[in-house]
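The values are calculated or read from the model by the stated rules, or taken from the named source; none is laboratory data. Just so it is clear, the model here is predicted, and its values are computed rather than measured. Note that we place each Cβ from the backbone using ideal geometry, even for glycine, and neighbour counts take in every protein chain shown. Ligands, DNA and RNA are stripped out before the accessible areas are found, and what is left, the full protein with its side chains, is counted by its heavy atoms. Shrake-Rupley method; radii C 1.70, N 1.55, O 1.52, S 1.80 Å.
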Amino acid sequence: MSEAAAETFQELYGAAPDGVWAAPGRVNLIGEYTDFNDGFVMPLALPHTAVAAVSRRDDGILRLHSADIPQGVVQLDVAELAPHPDAGWFAYPAGVVWALREAGHPVTGADIHLASTVPTGAGLSSSAALEVVTALALNDLFGLGLSASRLAVLAQRAENDFVGVPCGIMDQMASACCEDGNALYLDTRDLSQRQVPFDLAAHGLRLLVVDTRVKHALGDGAYAERRAGCEAGARALGVPALRDVPYAELPAALERLAGESENVRRYVRHVVSDDHRVEQVIALLDAGDIRAVGPVLVAGHDSLRDDLRVSCPELDLVVAASTAAGALGARMTGGGFGGSAVVLVEEAEADAVAKSVTEAFAVAGHTAPRVFTAVPSKGAHRVR
Ligand code: ADP
Ligand code: MG
């Protein structure tokens, strides 16, 4: 794909690009809606990537093109970049240029061609892939010397403040920092991290991603509402963030929240218990007991469905049908209300489980899901 991106770049802009970079989409194994509570997450990078062919410019002009959007080259003036809602797809890379400049980095223009194999709107972070690949390319071309974590933070700033999506830091950190064969254990408070070996094939296991191919409109306002509820919970408990509530103190915390709404109590229970589930999964992986991760995934899904209420019938069906067919565990991944689920299965049973899920979707009258294997892949890197 990098070859094709370089060729298209040449056709569009009349010269070969200075370089080609790639940044992946991600799935999150465990720890959902915890990243805006300063909590823990455990994503892994997918083999699907956004690729950027880029040349540096020094005349203040930013030109953007995507192979995946039926729109020609968009030309902008970097000095005039300013957040405005509904700008369109190019707000993601343009927002990165804006965020870098806002942080004082002298990015003086670029020609950019993007092409991505990350499914969009499937909860697999095609948006973060686009931002991170742009950030890494500009970091290299302008010699900014920023770390992968710093690039992720600036990419998140682009999405939050330029595009206007109030996402946490997980997606950008996953795309920027994951490594081949590993899951990323990330503390979203200080961005400290550990690569956790996640070689499923060596254990005769597989992680399937099931993209339900649905996106329920409910999702947009619901995210902000959950976020506000979590912040209200932390305020009422007198802690900076829900991450500061130890799991052992959850029952006492819930009692202290008796005066709050039922929603706030349910959100607190989800976040504190999901942070705990990240710790459980880490302990199991460190002990080499990967199969025991399955029930923790199911407990995480139940919590997202019943307490946070961000699941949907299609995601619930993936979990029910896959576990009924012998999967070790499954859960929705990402923001929910559609998008994708992950399913942990024995290698030998993976095809049968995938078939059962697909059949269950047909019986329920849902659009056929897309199923693929999540091979833990490397984070953003220069390709050529
Ligand atoms: P997700 O990140 O889960 O895929 P989002 O809604 O956050 O979903 O981001 C999807 C948006 O990102 C698309 O609507 C589009 O604006 C932008 N995007 C993603 N991939 C591309 C691409 N290859 N070319 C242009 N825009 C893209
Ligand atoms: Mg996104």
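Under the rule of at least 5 residues apart or a separate chain, name every residue whose amide H is placed under 5 Å from the amide H of Gly19.
The answer is Val54.
Under a 1.4 Å probe, what is the accessible area of the chain per residue, stated in Å²? Provide the component values of the computation, followed by the final result.
Working: 14560 Å² over 384 residues.
Per-residue accessible area for the chain comes out at 38 Å².
Helix-only estimate, please: 222 nm mean residue ellipticity of the chain, summing -39500 (n - 2.57) across DSSP H runs of length 4 or more and dividing by its residues, to the nearest 500. Before the final figure, lay out the partial values.
Numbers: 11 runs with 147 residues, N = 384.
Taken over the chain, the calculation gives -12000 deg cm²/dmol.
Taking the square root of 5 times each eigenvalue of the Cα gyration tensor, what semi-axes in Å does the equivalent ellipsoid of segment 198-373 have, largest first? Can you show the working numbers first?
Working: eigenvalues 189, 86, 24 Å².
The answer is 31, 21, 11 Å, longest axis first.
Carbon and sulfur atoms: what percent of the 1.4 Å accessible area of the chain do they account for?
Working: 7420 of 14560 Å².
Ligands and nucleic acids excluded, carbon and sulfur give 51 percent.
Could the peptides 224-237, 130-143 be put in order, highest first, of the mean number of other beta-carbon atoms found within 10 Å of their residues?
So the peptides 224-237, 130-143, ranked by packing, come out 130-143, 224-237.
From the phi angles alone, apply the Karplus equation (6.51, -1.76, 1.60; θ = phi - 60°) to segment 288-302 and give each ³J(HN,Hα) in whole Hz, x where the residue is Gly or Pro.
Once rounded to whole Hz, the list reads x, 9, 5, 4, 5, 5, x, x, 5, 4, 5, 4, x, 5, 4.
Please compute the length gained on full extension between Asp199 and Glu231, using 0.36 nm multiplied by the number of residues separating them and subtracting their Cα-Cα distance. Walk me through the numbers on the way to the answer.
Working: separation 32, 0.36 × 32 = 11.52 nm, distance 3.64 nm.
In short, 7.9 nm is gained.
Suppose a student asked you for the relative contact order of segment 211-358, using Cα pairs under 8 Å spaced at least 6 residues apart; what percent would you report?
Working: 201 pairs, mean separation 36.6, N = 148.
Worked out over segment 211-358, it gives 25 percent.
GNM on the chain, C-alpha springs below 10 Å: top fluctuator among Gln280, Gln75, Gln195?
Of Gln280, Gln75, Gln195, the Gaussian network model singles out Gln75 as fluctuating most.
So what J values fall out for segment 9-18 if you push phi through Karplus, 6.51 cos²θ - 1.76 cosθ + 1.60 with θ = phi - 60°, rounded to Hz, Gly and Pro as x?
Along segment 9-18, the couplings run 4, 4, 5, 6, 10, x, 7, 5, x, 5 Hz.
With +1 on each Lys and Arg Cβ and -1 on each Asp and Glu Cβ, and nothing else charged, work out how big the dipole of the chain is about its Cα centre, in Debye to the nearest 20. Numbers along the way, then the final one.
Values: 30 positive and 49 negative charges, 26 e Å.
I would put it at about 120 debye.
With the dipole of the chain worked out from charges on the C-beta (+1 for Lys and Arg, -1 for Asp and Glu) around the Cα centre, which of Ser377, Gly121, Leu62 lies farthest toward the positive end?
Gly121
Round to the nearest 10 and report in Å² the accessible area of Lys215, as given by a 1.4 Å probe over the protein chains' heavy atoms.
Rounded to the nearest 10, the figure is 150 Å².
Using only Cα atoms and rounding to the nearest 10 degrees, what angle (0 to 90) does helix 219-237 make with the longest principal axis of the chain?
60
Starting from the Cα gyration tensor of segment 305-384, multiply each eigenvalue by 5, take the square root, and state the resulting semi-axes largest first in whole Å.
23, 18, 13
Going highest first, how would you order 248-258, 162-172 by mean Cβ packing within 10 Å?
Numbers: 248-258: 13.6, 162-172: 22.1.
The packing order, highest mean first, is 162-172, 248-258.
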